[in-house]
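Asker: Sharing a structure, written as structure tokens. Questions coming.
Just so it is clear, none of the values below were taken in a lab; they were calculated from the coordinates. Treat the numbers as computed from the prediction; the structure is a model and nothing was measured. Note that we place each Cβ from the backbone using ideal geometry, even for glycine, and neighbour counts take in every protein chain shown.
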Amino acid sequence: MTTLAIHNARVIDPELNLDGIADIVLVDGHIARIGPNEAEMVIDAERVDATGLVVSAGFIDLHCHLREPGFEYKETIATGTAAAARGGFTTVCAMPNTSPPIDSQASIESLLRQIEQSAQVRVLPIGCITVGRQGKELAPAGELVDSGVVALSDDGDAVADASLMQAALSYSSLFNLPVSQHAEDPSLVSEGQMHEGWVSARLGLRGRPSSAEEIFVARDIALAEVTGGRLHIAHVSTAGSVSLIAAAKARGVNVTAEVTPHHLTLTHELVAFDNNYKKIDYNASAKVNPPLRMDSDLEALGIGIRDGIIDAIATDHAPHSLSDKEIEFDLAAPGISMLETAFALAMTRVHDGTFPLGTLIRSLTSGPVRAWDLDKRTGLSGLGTLTPGAPADLVIFDPEMDWTVEPNNFLSKGKNTPIAGRTLKGKVLVTISEGEIVYEDSTAAGRLRLSARGERS
Amino acid sequence: MAISDFERPLDSVAGQSVEGALGAASQDVVWNHDHVLDLDDFSYEEIESVITLAGKMREVLDRRIARAPILRGFTMINLFFEPSTRTRASFELAGKVLGADVISVSANTSSVVKGESLIDTVKTLSAMTADAIVMRHGMSGAPYLASKYTRASVINAGDGSHAHPTQALLDIYTLKQRLGDLKDKKIVMVGDISHSRVARSGMWGFSAMGANVVLCGPPTLLPSGFLVNERPKHARSALPDVDIETNIDVAIKDADVVMALRLQKERQQGGLLPSLHEYSRLYQVTSERLSKAKSNHILMHPGPKNEGIEIGGDVASGSNSTIEEQVTNGVAVRMALLYLIAQKNQREN
Amino acid sequence: MTTVAISTVLDEIAVGRTVRRLAHEIIEFHNGVDNIVLVGIQTGGAVLAGLLVVEIEKIESTNIPWGTLDITLHRDDLGLEIPPITRSGSNLPDIDGRIVVLIDDVLFTGRSVRAALDAITHLGRPEAVRLAVLVDRGHRELPIRADIVGKNIPTSFGDKIEVAYDQLTGKSVVLLHQEMTINGN
């Protein structure tokens, strides 16, 4: 029996309505007991002293790009999951825009083998909606579900044809499988490089208007209503989308949504300006699809999380190599390496009072699980919570610790981030996956460890 | 000037003639740029410095032997990723008149995509001890990227839809020759504004000189985001104040300057205009429309022009037109910039 | 500690006398003023040229053509402080086939004169070019020699000779700026 005891943490689980000081005991990869003094009662265990720190269920990411197979120069399952662990994520859902894309049993089996070999945390595969992500024919959802996918997505591209999207929602309802749509009307965003607004006007760049997203959100909500399918909106980025989703949920439509930490905190001004409005630059590190938008969008998205209109915070972790980013803005690959900064960046909205810490934790744990029924689909009962019996996936963090983003220290191969050098408040210190410590922050190393008998070493 | 201007009557006062020799006033040059990427960070004084120096350069161009070899030993590389006859020739001539070594490299964007990256190209040229790289590129922001990878000074000869600072400077020079002070003058630019780097740099430059800028075109060719109320208060200074008008008659009324912009077929995606014929009916700058402008108005066009589409042939060659002067003035302005840049580099090394 | 000591080498009266003598020498050198054009090298030479023109015209009772030459764009020392832009630029009558008498206030390294010669060749083809200066302070870096010299003033390289012209009075003085090191105590 392997036992890990966590001493004296502030334990927060919004699903179980827990917020108090307690010990947690993990046995053989599962949560065994939570309560005051539980750790003392264990005789022989690996121990972590979490005094002054918060413990929650490990974070769950519904949206990340691990790039393997096919783009290993940008990221691999090994490096991507190491980055996930550093970010406090114990489960990540891998988007299928790899090469080859994950649209068949053959491709997914090879992926699963790779995951088995090199993943440091749990990786759940997502399958393509259409064959080859071409947007023309449906991929075999049944085959993919049997092989273990937890959702379908052509992310990177929208399924543009309404009738095909309708068919996808309808067919996938057979398996109760969420269809995650990258909602941007391609005809409105073709050659668009950033949010269409005063900054794109200033820079002379073609824009991607908010309406492009809202049109597809509205359209797909209507299709979900008609088909009874399970629609999930990936990386919501506009205030208008939040309103549409709220109204749809109020009507009882089966729609869920996610938002990224960057869309919650960064605006389109970051593409052009550092401090000074007189001096522009073209920061491809801030180029992402959908693009960073305006203060009013950030405001609405924050309220969306606060009020549960948006179910989850998902990273859309998109690592790229330097040669993909340090080129002409029009040619630069869109995306931000987000796993290692997601929690701290999202904490910005806790520190500014938009939503409480408990809500943040829910958006990163039970929220994603519920949105996609991940516990049922994986058979891991209690996933995303600290329910006894649930997998021992935990994260220990300090919500007040300041630290500076240094991309060269990223475990991800992708160093592409627009917030390099920024100081964030809130740091993941220890990540535990299935009872094993998979990440321990250097500032905490050693300090948190107690001897097997509970004494400081 | 005639010879007689130099012959003094015997009773002339020494002070007078000497004052004439010194010149009415001398002006200190203000120049703080390592690169010329856009006019957004040029102060009024810096623009004035360029204009005044361009005047001197213009004199050189009028000489029998139009040479003033102050830039001997200076290497200037024209790196053009987009085809251009007039701008490239203008820069080449500017460098050669001043005695610089001029090398022209044409690349095209697709070959860069396939092979050598922009950064590699710029680094290679720098290793050839380029002092200045004059760059024209089809994508907005390319010269900003280039400037980070070379110690040479980068002069933007046009980047995508973003900026064309030397064009704006020569337009300002041309207008000052004809109108004097530009303060409070109404300057109207008509055409495909959203894709026009001439319009954008012009907005900055003309505003810095105190003029009132009006942008005119069909709604599909006007960018959203230029009006003051389209940006937050804290970002007020991020764009110059301009007016936008879709009705050409309203725009041109009492204008001091009307600039017709070329309808850019290659940069305009299909679907923004029903037809060229429709555009010319509604937006062509014709003598009839110009009769509503001030009687001593100036008509400009950055060239090359599509007569019969954005501009009437008769007005293009009329007496209010500065289209030809703009070309000669372009060489003088570019000479002035090369001189200022070379001077700053030398001083700092 | 270093300081600059300024002394007057030629006062207003001495300058006036020297200018008159120069005017006479120019006339004598050329056996009259036929076919000559006085060209002042800006900016110091321009003032002097104007003064000389007035003198010569008094002596010979005739008008002579003159002008000023801007050598900024012909210098070989780009890196110095940018001189203020003067609005007049070069202002010359026709020099083809004439004798150009270059006028400068101070002859030092000779580089200004070289630049002036370069500029002149771009503006026309004179029959000959002569050089007349108010002060020759030595330290030539090029093989350049003045044909007519007002005063020879030996200097150290680091000194500065300034011909200060007062526009109100129309008078000039020649000042010497010398760097002096003062030791402690």
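Asker: What order do you get for B:W204, A:W198 when you list them from fewest to most C-beta neighbours inside 10 Å? Walk me through the numbers on the way to the answer.
Answerer: Details: B:W204 22, A:W198 26.
Ordered from fewest to most neighbouring Cβ atoms within 10 Å, B:W204, A:W198 come out as B:W204, A:W198.
Asker: If packing is taken as the average number of other Cβ atoms within 10 Å across a peptide's residues, how do A:169-181, A:255-267 rank, most packed first? Walk me through the numbers on the way to the answer.
Answerer: Working: A:169-181: 21.8, A:255-267: 24.4.
Result, highest mean first: A:255-267, A:169-181.
Asker: May I ask you to derive the FRET efficiency for B:N306 and A:Q105 from their Cβ-Cβ distance with R0 = 56 Å, giving the value to the nearest 0.05?
Answerer: Details: r = 58 Å, r/R0 = 1.04.
E(calc), rounded to 0.05, equals 0.45.
Asker: Nearest 500 deg cm²/dmol is fine: what mean residue ellipticity at 222 nm does chain A get from its DSSP H runs of n ≥ 4 alone, each adding -39,500 (n - 2.57), divided by its residue count? Walk me through the numbers on the way to the answer.
Answerer: Details: 17 runs with 142 residues, N = 457.
Here the helix-only value at 222 nm equals -8500 deg cm²/dmol.
Asker: Is any residue of the stretch A:312-331 close enough, with backbone N under 12 Å, to a label point placed 7 angstrom from the Cα of A:Y73 along the Cα-Cβ axis, and if so, which?
Answerer: A:321-325
Asker: Please compute, for peptide B:67-80, the average count of beta-carbon atoms on other protein chains lying within 10 Å of each residue's beta-carbon. Please report the intermediate quantities before stating the final value.
Answerer: Values: counts 6, 11, 8, 10, 2, 2, 2, 1, 0, 0, 0, 0, 0, 0.
Counting other chains' Cβ atoms within 10 Å and averaging over B:67-80 gives 3.
Asker: Which distance in Å, rounded to a whole number, links the C-alpha centroids of the stretch A:36-56 and the stretch B:295-328?
Answerer: 82 Å
Asker: What residues of the stretch C:148-185 lie in the reach of a label at C:T3, counting those whose backbone N is under 14 Å from a point 7 Å from the Cα along Cα→Cβ?
Answerer: Counting only backbone N, you get C:178-185.
Asker: Rounded to the nearest 5, what % of DSSP beta bridges with both residues in chain B are antiparallel? If you can, show how the numbers build up before the last one.
Answerer: Values: 1 of 36 bridges.
DSSP beta bridges in chain B are roughly 5 percent antiparallel.
Asker: Averaged over its residues, how many other protein chain Cβ atoms are within 10 Å of peptide B:127-140's Cβ atoms? Mind showing how you got there, number by number?
Answerer: Numbers: counts 0, 0, 0, 0, 0, 0, 0, 0, 0, 0, 2, 2, 9, 10.
That average works out to 2.
Asker: Applying 1/(1 + (r/R0)^6) with R0 = 60 Å to the Cβ-Cβ distance of B:I103 and A:V226, what FRET efficiency is obtained, to the nearest 0.05?
Answerer: Values: r = 64 Å, r/R0 = 1.07.
Once rounded, the FRET efficiency stands at 0.40.
Asker: Using just the helices of chain B, give the 222 nm mean residue ellipticity in deg cm²/dmol: DSSP H runs with n ≥ 4 each add -39,500 (n - 2.57), and the total is spread over all residues, rounded to 500.
Answerer: Working: 13 runs with 135 residues, N = 349.
Theoretical 222 nm ellipticity from helices: -11500 deg cm²/dmol.
Asker: Moving on. Tell me the relative contact order for chain B as a rounded percent, counting alpha carbon contacts under 8 Å between residues six or more apart. Intermediate values should be presented prior to the final figure.
Answerer: Details: 610 pairs, mean separation 62.3, N = 349.
Dividing the mean separation by the residue count of chain B yields 18 percent.
Asker: Below 21 Å, Cα to Cα, which lysines can C:K171 reach? Residues fewer than 8 away in the same chain don't count.
Answerer: Straight-distance partners of C:K171: C:K58, C:K151, C:K160.
Asker: Further question on the same structure: Percent antiparallel among DSSP beta bridges with both residues in the protein assembly as shown, to the nearest 5? Numbers along the way, then the final one.
Answerer: Details: 54 of 140 bridges.
About 40 percent, rounded to the nearest 5.
Asker: Then there's this: Measure nothing but the geometry: give the 0 to 90° angle between the long axis through the Cα atoms of A:162-172 and the longest principal axis through the Cα atoms of chain A, rounded to 10°.
Answerer: Approximately 30 degrees, to the nearest 10.
Asker: Still on this model: So if R0 is 30 Å, what FRET efficiency would B:V30 and B:R72 give, r being the distance between their Cβ atoms, rounded to the nearest 0.05? Please report the intermediate quantities before stating the final value.
Answerer: On the way: r = 26 Å, r/R0 = 0.85.
Between B:V30 and B:R72 the formula returns 0.70.
Asker: On to the next question. Hey, any idea what the orientation-averaged projected area of the convex hull of chain B's Cα atoms comes to, in nm²?
Answerer: Values: hull surface 83.7 nm².
Mean shadow area of the hull around the Cα atoms is 20.9 nm².
Asker: What is the packing order of peptides C:121-133, C:103-115, taking the mean over residues of other C-beta atoms within 10 Å and listing the highest first?
Answerer: Values: C:121-133: 17.8, C:103-115: 22.1.
Ranking the peptides C:121-133, C:103-115 by packing returns C:103-115, C:121-133.
Asker: Per residue of B:338-345, count partner chain C-beta atoms within 10 Å of its C-beta, then hand back the mean as an integer.
Answerer: Details: counts 0, 4, 1, 0, 2, 5, 3, 2.
So the per-residue partner count for this stretch is 2.
Asker: Post the alpha-carbon centroid distance, the stretch A:199-231 to the stretch C:108-166, in whole angstrom.
Answerer: 75 Å
Asker: Also, quick follow-up: Nearest 10 degrees, 0 to 90: what angle lies between the long axis of helix A:239-251 and the longest principal axis of chain A (Cα atoms)?
Answerer: That works out to roughly 70 degrees.
Asker: How many percent of DSSP beta bridges within the stretch A:1-131 run antiparallel, rounded to 5?
Answerer: On the way: 14 of 28 bridges.
Roughly 50 percent of the beta bridges in the stretch A:1-131 run antiparallel, per DSSP.
Asker: In whole Å, what is the distance between the alpha-carbon centres of the stretch C:1-80 and the stretch A:274-349?
Answerer: The stretch C:1-80 and the stretch A:274-349 have Cα centres spaced 69 Å from each other.
Asker: State the number of lysine pairs found in the stretch A:58-381 whose Cα atoms come within less than 28 Å, restricting to pairs 8 or more positions apart or on distinct chains.
Answerer: 10
Asker: A follow-up question, please. When the helix-only estimate is applied to chain C (DSSP H runs of n ≥ 4, each -39,500 (n - 2.57), divided by the residue count), what is the mean residue ellipticity at 222 nm, nearest 500 deg cm²/dmol? Intermediate values should be presented prior to the final figure.
Answerer: Values: 3 runs with 48 residues, N = 185.
Result for chain C, helices only: -8500 deg cm²/dmol.
Asker: A follow-up question, please. Arrange the following residues from fewest to most other Cβ atoms within 10 Å of their Cβ: A:K325, B:K292, C:K58.
Answerer: Neighbour counts put them in this order, fewest first: C:K58, B:K292, A:K325.
Asker: I've got another one for you. Starting from the Kirkwood radius over alpha-carbon pairs of the protein assembly as shown, derive D by Stokes-Einstein at 25 °C in a medium of 0.890 mPa s and give it in µm² s⁻¹. It would help to have the intermediate numbers written out before the result.
Answerer: Details: Rh = 33.3 Å.
My calculation gives 74 µm²/s for D.
Asker: Place a point 7 Å from the Cα of B:S237 along the Cα-to-Cβ direction; which residues of the stretch B:41-67 have their backbone N under 14 Å from it?
Answerer: Backbone N within reach: B:41-44.
Asker: Neighbouring Cβ atoms within 10 Å as the yardstick, rank C:K171, B:K183, A:K413 fewest first.
Answerer: On the way: C:K171 16, B:K183 10, A:K413 22.
Final ranking by Cβ density, sparse to dense: B:K183, C:K171, A:K413.
Asker: In nanometres, what is the gap between the two model label sites at A:E137 and C:D147, each 7 Å from Cα along Cα-to-Cβ?
Answerer: In this crude spin-label approximation the distance works out to 9.6 nm.
Asker: Another question, if that's okay. Once the mean 1/r over all distinct Cα pairs of chain A is inverted, what Kirkwood radius in angstroms do you read off?
Answerer: Hydrodynamic radius (Kirkwood, Cα pairs) of chain A is 22.0 Å.
Asker: If the cut-off is a Cα-Cα distance under 19 Å, which lysines reach A:K427, setting aside same-chain residues fewer than 8 apart in sequence?
Answerer: A:K415
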